[in-house]
Amino acid sequence: MILQNAESKIARFNQLGLHYNLVANAIYKERETANPLSDSYLQYVIAGLISFDMERMMGSGQETKYDINAGGFATRLHRKLQQVRPLLEPLINLNLVEIDIQEHSDSIKKIYNALSCKGDGALHDNSTKEFHVGATKILHFLNPNLFIIVDSNASRAYRRSHNVPFLNTTQPGYSAKLYVRCMECVKKDILDYGLERFQALEEGILITRIYDKLTFVTGSEA
């Protein structure tokens, strides 16, 4: 169902989501030459989060969002990434359609849980709340060839198309386990569709980005 009417879904997204595309393309271009775990690239990840609708969860003040020494979101994110760096480094240049997802699932889950958890050092400005959608967007901007974005629209698409047991509520029950399952669904869909045929849906665009557009539109129509 996600790949049904794929061409028209992509056209629809591109019509309504120009701001997403502009920012994502700039981040992907920087990612081609940058060290994705460097402090300088962190600014691009943060810009992506702001543009991809996470700003209200990051706290107030631009300085605290971007300056890793200001004691705000940038500080928290920098610390989190340093904590998970040993787990991230082996994944940072891998490709979704080429890896054995189960082989890396434990590391992916640990990274996801660290980025999404509440409590002391939580990325959400309200430390009593979790940061699930934001975690998937961070992962995507760190390695857009591997990690997918899962938000409310995507969760609806995965639930309806692949029976991933997200809840049909405002809080769909995000988890590391379901995130890995969604990654497996994406890989299977793309390979079943045919990698070259899938890439031809939008030449020059990353396959995870193409799929993100499809889940966004599929879920918003659910």
Between GLN199 and THR33, with labels modelled 7 Å along Cα→Cβ, what's the label distance in nm to one decimal, could you check?
2.3
GNM on the chain, C-alpha springs below 10 Å: top fluctuator among HIS19, HIS132, HIS162?
HIS19
Extended-chain gain in nm, criterion 0.36 nm per residue less alpha-carbon gap, THR169 and ILE99:
22.0 nm
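Would you please give the FRET efficiency between MET1 and ASN25, computed as 1/(1 + (r/R0)^6) with r the Cβ-Cβ distance and R0 = 25 Å, to the nearest 0.05?
So, using R0 = 25 Å, E works out to roughly 0.35.
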Which of LYS110/LYS137; LYS65/LYS118; LYS29/LYS177; LYS65/LYS137 have a Cα-Cα distance over 24 Å?
LYS29/LYS177
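How high is the FRET efficiency from LYS177 to GLN43, r the C-beta distance, R0 35 Å, rounded to 0.05? Let's see the in-between values first.
Details: r = 31 Å, r/R0 = 0.90.
In this case the efficiency is close to 0.65.
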Here, SER60 and SER220, labelled 7 Å along Cα→Cβ, have an inter-label distance in nm of 3.0
Any aspartates and glutamates whose Cα falls less than 18 Å from that of LYS109, other than same-chain ones fewer than 8 residues away, would be GLU89, ASP100, GLU130, ASP151, GLU184
Expressed as a whole number of Å, what is the distance separating the alpha-carbon centroids of region 105-163 and region 26-80?
16
Percent of C-alpha pairs per 10 Å bin, region 1-110, short to long
12, 32, 37, 18, 2
Express the relative contact order of region 6-220 as a whole percentage, based on alpha carbon pairs under 8 Å and six or more residues apart in sequence.
21
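Write down, largest first, the equivalent ellipsoid semi-axes of the chain in whole Å, where each equals the square root of 5 times an eigenvalue of the alpha-carbon gyration tensor.
Values: eigenvalues 139, 69, 64 Å².
Over the Cα atoms of the chain, the ellipsoid semi-axes are 26, 19, 18 Å.
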Packing-wise, with mean Cβ within 10 Å as the measure, how do 141-150, 3-12, 175-184 rank, highest first?
141-150, 175-184, 3-12
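Readers should treat all values here as calculations from the given coordinates under stated rules, not as data from a laboratory. Not measured: the values here are computed from a predicted model. In this analysis, Cβ positions are derived from the backbone assuming ideal geometry, glycine residues included, and neighbour counts consider all displayed protein chains.
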